[in-house]
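Presented below is the structure to which this report refers.
The values are calculated or read from the model by the stated rules, or taken from the named source; none is laboratory data. For clarity, every value in this text was computed on a predicted model and none was experimentally measured. Because the Cβ atoms are built from the backbone with ideal geometry, glycine has one as well, and the counts that use them run over all protein chains shown. Calculation scope for accessible area: heavy atoms of the full protein, side chains included, ligands and nucleic acids excluded. Shrake-Rupley method; radii C 1.70, N 1.55, O 1.52, S 1.80 Å.
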Amino acid sequence: MKSIKTKSATVHFNDSVYSELNAYIKATNPSKIFVLVDTNTHDACLPKFLSQVDSGEIVVEVMEMPEGEDHKTIDICTGVWEAMSEYNADRKSLMINLGGGVVTDLGGFVASTYMRGIDYINVPTSLLAMVDASVGGKTGVDLGNLKNQIGVISEGSMVLIDTSFLETLPRNHMISGYAEMLKHGLIHDKSYWNMLVNFENLDGSALDNMIYDSVIIKNKIVSEDPTEKGLRKVLNFGHTLGHALESYFLGNGDKTPLLHGEAIAIGMLLEAFISTKTVGLTNEEFKEIEKGILKTFPKVEINEKDQKVIIDLLKYDKKNSHGKVNFVLLEAIGRPILDCEANNEVLLKAFDYYNN
């Protein structure tokens, strides 16, 4: 696979990953290398990764954080900053984030703010991070249960995608990443959507090619609008309601937390329904979307009490402006529309449809 040039970095795949990393280390000669992992990737991915890294005489320090979205917090950042300071990290240090979206989001934020910014490299180990979280420069942490409220847009030096790390991933996490790939088809390319919904096995070389295609789609959008002034907002399809769902289920002790992709899948189905009521998505295409999503993502109970709290959480969405909740909706598969409004009546109808 050819490398993909982003605005200020390069995404490398599989065979070229470690040669490119080692060439970068040799050329830049960082003062120290810090590798951030979580408790899962420390055991499942770190040994293989370190065996491929040629750091020469450069000291490599490993920093471990707890796994999971509930640890993507400013408190964890403080712990990482303090550890880096204790180990004498300076402005010529390099940070490598080896993990899923939580690690790449938080690690990118830590690196972008430590001493006003040091170089960092993302090595995504989950499908979600490979196709979404590690590409595009969005870094940050949650504020309480509110998703990604604190952060900066700052691309790392490179992204290294070694798909062999997916062999360590539980199936539900593979499916979570698949939701973001489905989104790329819905907002950009109907033929890609059609290929994805007819794809039966989330493994093998066919998946490698689809990951590559997803990165191409996301990079094309991000390169045209790196700071999300316009076009990049299309990547938020399914995320307005999806993030509210994810926050609610994460913060409610009576609920089983949803993985990011599980919440986004529900959000995409709800927002596709809203699209039929507000921007003209045909019932035929909606049914196609519904069938494609429910094929992989079974329905979750969302009762009336849940719905009211979830709708109230929409006011915290980052796309909002001037007190209005803004949605990305679909005029057709592959044709998104930005900055759409939907009243509570339509939102409740969407939930009612989903529950029946």
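At-a-glance table
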| quantity | calculated |
| --- | --- |
| Output for segment 63-82, where each listed residue is without any contact (Cβ under 8 Å) to a residue 40 or more places away in the chain, in contact with a strand residue (DSSP E or B) (Cβ under 7 Å, 6 or more places away or on another chain) and surrounded by 15 or more Cβ atoms within 10 Å (Cβ to Cβ) | Met63, Glu64, Glu67, His71 |
| Lone qualifier among Ile187, Ile175 - being within 25 Å of Val234 (Cβ to Cβ), open to solvent by less than 50 Å² (accessible area, probe 1.4 Å), assigned to a helix (DSSP H, G or I) and touching a strand residue (DSSP E or B) at 6+ places or on another chain (Cβ under 6 Å) | Ile187 |
| In segment 109-125, residue least open to solvent (accessible area, probe 1.4 Å) [restricted to those that are without any contact (Cβ under 8 Å) to a residue 40 or more places away in the chain and part of a helix (DSSP H, G or I)] | Tyr114 |
| Lone qualifier among Leu94, Leu128, Leu106 - being open to solvent by 10 Å² or more (accessible area, probe 1.4 Å), touching a residue at least 24 places away in the same chain (Cβ under 8 Å) and hydrophobic (A, V, I, L, M, F, W, C) | Leu128 |
| Val141 being closer than 30 Å to Ile74 by Cβ and surrounded by fewer than 23 Cβ atoms within 10 Å (Cβ to Cβ) | yes |
| Test: residue in segment 46-66 that is in a loop (DSSP other than H, G, I, E, B) and either among the aromatic types (Phe, Trp, Tyr) or at pLDDT below 95 (or both) | no |
| Residue list for segment 158-172, filter: open to solvent by 30 Å² or more (accessible area, probe 1.4 Å) and either free of Cβ contacts under 8 Å to residues at least 60 places away in the same chain or within 18 Å of Thr113 (Cα to Cα) (or both) | Glu167, Leu169, Pro170, Arg171 |
| Near pairs, Cβ below 8 angstrom, 6+ apart or cross-chain, from segment 285-308 (in contact (Cβ under 8 Å) with a residue 40 or more places away in the chain) to any residue that is of a type in the set (Asp, Glu) | Phe297/Glu262; Val300/Glu262 |
| Helices (runs of 4 or more DSSP H) (entirely within segment 241-356) containing at least 1 residues that are open to solvent by less than 30 Å² (accessible area, probe 1.4 Å) and in contact with a Phe, Trp or Tyr (Cβ under 6 Å, 6 or more places away or on another chain) | 260-278, 304-313, 344-355 |
| Residues of segment 89-136 that turn out to be among the aromatic types (Phe, Trp, Tyr) and farther than 22 Å from Asn219 by Cβ, as a count | 1 |
| Residue check for Met65: more than 29 Å from Gly204 (Cβ to Cβ) and touching a Ser or Thr at 6+ places or on another chain (Cβ under 9 Å) | yes |
